[in-house]
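Working notes, beginning with the structure itself.
The values are calculated or read from the model by the stated rules, or taken from the named source; none is laboratory data. Here the structure is a predicted model, which is why all the values come from computation and not from measurement. Glycine also receives a Cβ, built like all others from the backbone with ideal geometry; neighbour counts cover every protein chain displayed. Side chains are part of the model used for accessible areas, which takes the heavy atoms of the whole protein and leaves out ligands, DNA and RNA. Shrake-Rupley method; radii C 1.70, N 1.55, O 1.52, S 1.80 Å.
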Amino acid sequence: MAFMGERPYILLSCGMSIDGYLNGATEQRLLLSNDADFDRVDAVRAECDAILVGAMTVRRDNPRLLVRSQARRDDRAARGLRPSPIKVTVTGRAQLDACADFFTAGDTEKIVYCASAAVADARVRLGAVATVVDGGQPVDLHQLTEDLYARGVGRLMVEGGGTMHTQFLTAGLADELHLVVAPFFVGDSRARRFVSDGHFPWNPDRRATLAEVRQIGDVVLLRYALSARFGAG
């Protein structure tokens, strides 16, 4: 059983344009990476116990959130794990489709942390395809991460979107950030940025530690250490 305050090692992963956007201004998906970097992300996923995205990402991108490599799935199975990590999402209104790939793809557990006011509706909509957890009103990320730890999640990967990245960063819950920069501009303020406004622990008076810079084809990976636990997860 987890003691109060225990949480997983939390790694944030994001791709953005040079000018800091996650998507274009249209519904068309914007590819911010390349095959080599997608494989790197797949390797990171395979080493995690759970992957978290926000409800908007589930609705907009319909992600599968599965480990793609058969060799990595086999390695997880050899370690007594399911082929892909637990899938986690966070919602305030429970406006999610039970037929979305998040729920239907892959033989792994799915957990929905829902705001208290919408829990009853969420259990009607999603109870057959996921575990619905009352996350507070609004959802409390400290409570959420402690609950995940109690469920055996030692390493959590947060893949977006911007609202989730902003909330985890401003709450001081991130241990590590993988930020991939694509070699182009979006140039449209209607598009979504990597983060929105907030009070971040890292600012001009407290600079984040840049732990690694790696060129991967035509993109660059910036790896930041955001806590004293960096590298220990």
So which of Thr209, Thr166 is open to solvent by 40 Å² or more (accessible area, probe 1.4 Å) and either touching a strand residue (DSSP E or B) at 6+ places or on another chain (Cβ under 7 Å) or of a type in the set (S, T, N, Q) (or both)? Thr209
Enumeration of residues in the stretch 70-82 that are of a type outside the set (Asp, Glu), open to solvent by 50 Å² or more (accessible area, probe 1.4 Å) and either in contact with a helix residue (DSSP H, G or I) (Cβ under 8 Å, 6 or more places away or on another chain) or on the phi > 0 side of the Ramachandran plot (or both): Arg72, Arg73, Gly80, Arg82
State whether one or more residues within the stretch 171-185 are farther than 22 Å from Ala25 by Cα, free of Cβ contacts under 8 Å to residues at least 60 places away in the same chain and of a type in the set (A, V, I, L, M). yes
From the option list Leu173, Leu148, single residue qualifying as crowded, with 19+ Cβ neighbours inside 10 Å and in a helix (DSSP H, G or I) is Leu148
Single condition Arg125 does not satisfy, out of (1) in contact (Cβ under 8 Å) with a residue 60 or more places away in the chain; (2) open to solvent by 10 Å² or more (accessible area, probe 1.4 Å): (1)
Scanning for something among the small types (Gly, Ala, Ser) and touching a Lys or Arg at 6+ places or on another chain (Cβ under 6 Å), does the stretch 147-155 turn up at least one residue? no
Could you say whether any residue in the stretch 21-35 is part of a helix (DSSP H, G or I), touching a strand residue (DSSP E or B) at 6+ places or on another chain (Cβ under 7 Å), touching a residue at least 60 places away in the same chain (Cβ under 8 Å) and crowded, with 19+ Cβ neighbours inside 10 Å? no
Keeping to the stretch 179-203, report how many residues are outside any loop (DSSP other than H, G, I, E, B), open to solvent by 40 Å² or more (accessible area, probe 1.4 Å) and within 18 Å of Thr57 (Cα to Cα). 1
Is it the case, given these coordinates, that Leu12 is under 18 Å from Val195 (Cβ atoms) and open to solvent by less than 10 Å² (accessible area, probe 1.4 Å)? yes
What are the residue pairs meeting all of these: first residue in the stretch 77-91, first residue free of Cβ contacts under 8 Å to residues at least 12 places away in the same chain, second residue not aliphatic (A, V, I, L, M), Cβ atoms under 7 Å, and 6 or more apart or on different chains? Ala77/Pro83
Consider Arg45 against the criteria (1) open to solvent by 60 Å² or more (accessible area, probe 1.4 Å); (2) among the basic types (Lys, Arg); (3) out of contact with any helix residue (DSSP H, G or I) (no Cβ under 6 Å at 6 or more places or on another chain); (4) under 17 Å from Leu156 (Cα atoms): it satisfies all of them except one. Which criterion is unmet? (1)
Which of the residues belonging to the stretch 204-233 are in a strand (DSSP E or B) and either of a type in the set (S, T, N, Q) or farther than 15 Å from Leu179 by Cβ (or both)? Arg206, Thr209, Gln215
Set Val67, Val58: member being open to solvent by less than 10 Å² (accessible area, probe 1.4 Å), outside any strand (DSSP E or B), of a type in the set (Val, Ile, Thr) and farther than 17 Å from Val153 by Cβ: Val58
